[in-house]
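In what follows, a single structure is set out as structure tokens and then discussed.
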Amino acid sequence: MTIILIALQQIRLLLKNPAVVLLFLAAPLFMIFVFGQAFTGVFVASGAPLRALDYFGVTLFTMAVVQGTFIASWGVFKEQKNNTRLRLRLAPLSNVAVVFGLFLGSWLILLVLSAIVLLLSAVLLSVNYGSSPAALALPLLALTLLASASGISAATLLGSERAAGGLLNTFVPLLVFLGGGYFMIPETGWLHSAARFSPLRWVNLALLEVPRSGFSQYTLPAVIFCTAAALLLLLAAGLKAARSV
Amino acid sequence: MIQIRNASKNFGATLAVDNISLDIRKGSLFGLLGPNGAGKSTLINLVCGLLPADSGSISFPDFGPNNQRAIKKSLGLVPQELAFYPNYTAMENVRFFASLYGLRGQALRRAADAALEFAGLTDSAKKPAKAFSGGMKRRLNIACGIVHDPQLIILDEPTVGIDPQSRNHILRSVEQLCRQGRTVIYTTHYMEEAETVCTDIAIMDKGKIIARGDKDELKLLIKDSTQVCFYFKRPEEVDLAAFRKINGVRHVQLDEQVLQVVSEVGISNLNELTAEINRQALLLSDIRSSSPSLETVFLTLTGRSLRD
């Protein structure tokens, strides 16, 4: 019950800050449109098997999902800034339940916002995400799980907004880069090898295959990679919370 | 209600709470008086379980050992910093904080209404907290801290930086809480507040309790002192060092236009004091012999003003 209470509170807190919601929804749509239009010629000339719009539709969408780490950590630090974290600590709740409530709230927010971006980019920009909802949903669920867990654990483990922000601002763009968010990663070479360590690479490969083959060889590794990493991060955050006064 | 035994807390090289032992009786309005940085808030954080003590113990005998949940339910803190959601209305704030204590449905509604009425915010219940004045925000801070009807209420400097009207409302509310049978711990560095509302007072300085009792008992600590106040038109011309050298003078303090001189009982030095005023050619507007206040007690015990 406590977890649900805190989760609902997180959702309400975000809805009271519509600027954050609007930015999350508008930024990826704008970028998909710009990149999709700008690189159309390049994709056609190189004989790529898919349109620039469909490529960037996936990679920039997953980049937006990963930006959800900031929404998750924002929720934690908002409680600190308002001093309301103090009241949560004083209430007869377990610290672990509070952390998991914050996680659940940010995950649900991210799921809903991601679904809206997906829908709008498909309807307004005609991005082709394929016709297999399950093949699309599974890697996305795992990625949202990882994004929220990363934000919550960075905030909980590091405690300081500056430190967590610094960490996330370093790792998120790196994972996006290795995931092919900014340009297509070559099929050979060190960059290709390094990209295997980015969960985004696996998710992007899985999603890019959906229009052609639905579930692909990349779906399962993407789901396992993201879910396992998310669980490990949540475990670390939970242990830290359990040890704190 | 609360037993504190040899509690200490360090922050690096700073000893914020230094071996404090204290009993706080059920139903009392306990004042913790001391200047900024005396260690009051740290002691409060130890009592609330927000900080672990480095040594010593803090127990709540009424609840028995290992009953943290019951203790937390019976404890309400009004922290020094405002602690609520500025984008929420007053009603949304109190309802959320009440729900953390398991209140639901009718009970939640009644508790929220009662807390807002207590804080004098019923008419502003649907306004966002960020639109409130400083005094209203302080009162909402109190409402959020007491909405779950705690038996022990801790108010940490609840009147800092607010208008006299809100200050009076808060002081009256604190007395009302005590009349309702709650135990209240009230920390402040305003000695007039402690004198007005508290039935039991501890004076804290540099992490230690330096005096304890009701206000009359505390004033007895300096029964061998008398106090004279000189009011000047140009206080910037006063040379304090010269007054300190006068026979029998224990402490001298200049607070705005008032020179406060605490002297030993039985030593008549009024002539010497007035002679010094004449020597410094100070423009005197009034002289008053006043009975010692808690401010005088603190000044006598520590040699410093509460507001230093």
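The values are calculated or read from the model by the stated rules, or taken from the named source; none is laboratory data. This one's a predicted model, so the numbers in the text were calculated from it and none came from an experiment. Here Cβ is always computed from backbone atoms with ideal geometry, including for glycine, and neighbour counts include all displayed protein chains. To get the accessible areas, we keep the full protein, side chains included, count just its heavy atoms, and leave off ligands, DNA and RNA. Shrake-Rupley method; radii C 1.70, N 1.55, O 1.52, S 1.80 Å.
Quick rundown of the values:
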quantity: Theoretical ellipticity at 222 nm over the protein assembly as shown - DSSP helices of four or more residues, -39500 (n - 2.57) apiece, nearest 500; calculated: -17500 deg cm²/dmol
quantity: Per-pair calculated FRET efficiency, R0 = 51 Å: B:Gln176 and B:Leu283 via Cβ, rounded to 0.05; calculated: 0.65
quantity: Electrostatic dipole magnitude of chain B [Cβ: Lys, Arg +1; Asp, Glu -1; Cα centre; debye, to 20]; calculated: 1140
quantity: Chains B and A together, accessible area buried on both sides, 1.4 angstrom probe, square angstrom; calculated: 2300
quantity: Under 18 Å from B:Lys9, Cα to Cα: lysines that are on another chain or at least 8 residues apart; calculated: B:Lys40, B:Lys206, B:Lys208
quantity: Rounded accessible area per residue of the range A:152-196, 1.4 Å, Å²; calculated: 54
quantity: Kirkwood-based Rg to Rh ratio, the protein assembly as shown, C-alpha trace; calculated: 1.14
quantity: Positive-end residue of A:Ala149, A:Ser114, A:Gly130, charge dipole of the range A:91-245 with Cβ unit charges; calculated: A:Ala149
quantity: C-alpha center-to-center spacing [the range A:57-81, the range A:95-160] in angstrom; calculated: 8
quantity: In degrees, nearest ten, helix A:161-178 long axis to first principal axis of chain A (Cα); calculated: 20
quantity: Mean separation of Cα contacts under 8 Å (6+ apart) over length of chain B, as relative contact order %; calculated: 20
quantity: GNM top mover of B:Val197, B:Val258, B:Val297 - chain B, alpha-carbon springs below 10 Å; calculated: B:Val258
quantity: Computed lengthening from A:Ala27 to A:Gln80, 0.36 nm per intervening residue step minus Cα-Cα distance; calculated: 16.4 nm
quantity: Förster radius 41 Å - calculated FRET efficiency between A:Val34 and A:Ala242 (Cβ-Cβ, nearest 0.05); calculated: 0.35
quantity: Loop-located trypsin sites (Lys or Arg not before Pro) in the range A:50-110, at most 10 other Cβ atoms within 10 Å (DSSP); calculated: none
quantity: Surface accessible to a 1.4 Å probe, per residue, for the residues of chain B, Å²; calculated: 45
quantity: Cβ-derived FRET efficiency at R0 51 Å, A:Leu235 paired with B:Asp216, nearest 0.05; calculated: 0.30
quantity: Residues in the range B:68-102 reached by a label modelled at B:Thr122 [backbone nitrogen below 18 Å; 7 Å Cα→Cβ]; calculated: B:90-92, B:94-95
quantity: Acute angle (nearest 10 degrees) that the helix B:164-179 long axis makes with the longest principal axis of chain B, alpha-carbon atoms; calculated: 70
quantity: Coil-residue GluC sites (Glu not before Pro) of the range B:73-129, DSSP, other Cβ within 10 Å capped at 16; calculated: B:Glu81
quantity: Where labels lie 7 Å past Cα in the beta-carbon direction, separation of B:Glu81 and A:Leu220 in nm; calculated: 5.0
quantity: Counting DSSP beta bridges with both ends in chain B, the antiparallel % (nearest 5); calculated: 65
quantity: Globularity ratio of the range A:2-243, using Cα Rg and 2.2 N^0.38 Å; calculated: 1.03
quantity: Selection from B:Gly213, B:Leu103, B:His189, by position along the positive dipole direction of the range B:78-217 (Cβ); calculated: B:Leu103
quantity: Accessible-area ranking of B:Arg182, B:Arg279, B:Arg109, largest first, probe 1.4 Å; calculated: B:Arg279, B:Arg109, B:Arg182
quantity: Simple Cβ-charge dipole of the range A:2-243, Lys/Arg +1 and Asp/Glu -1, about Cα centre, in debye nearest 20; calculated: 780
quantity: Cα gyration tensor shape of the range A:128-230, rounded if a/c is under 1.5, else prolate or oblate by comparing a/b with b/c; calculated: oblate
quantity: Among B:Gly248, B:Gly64, B:Gly12: highest mean-square fluctuation, GNM of chain B, C-alpha pairs under 10 Å; calculated: B:Gly12
quantity: Chain A: relative contact order as a whole-number percent, Cα under 8 Å and 6+ apart; calculated: 26
quantity: Those residues of the range A:151-186 whose amide nitrogen sits under 17 Å from the label point placed on A:Ala48, 7 Å along Cα→Cβ; calculated: A:176-186
quantity: Rg and Dmax of chain B, Cα atoms only, in Å; calculated: 22.3, 74
quantity: Rounded to the nearest 20 debye, dipole of the protein assembly as shown from Cβ charges on Lys, Arg, Asp, Glu; calculated: 1280
quantity: Residues of the range A:81-117 with amide N under 19 Å of the 7 Å Cα→Cβ point at A:Leu15; calculated: A:101-117
quantity: Mean separation of Cα contacts under 8 Å, 6 or more apart, over the residue count of the range B:109-156: relative contact order %; calculated: 46
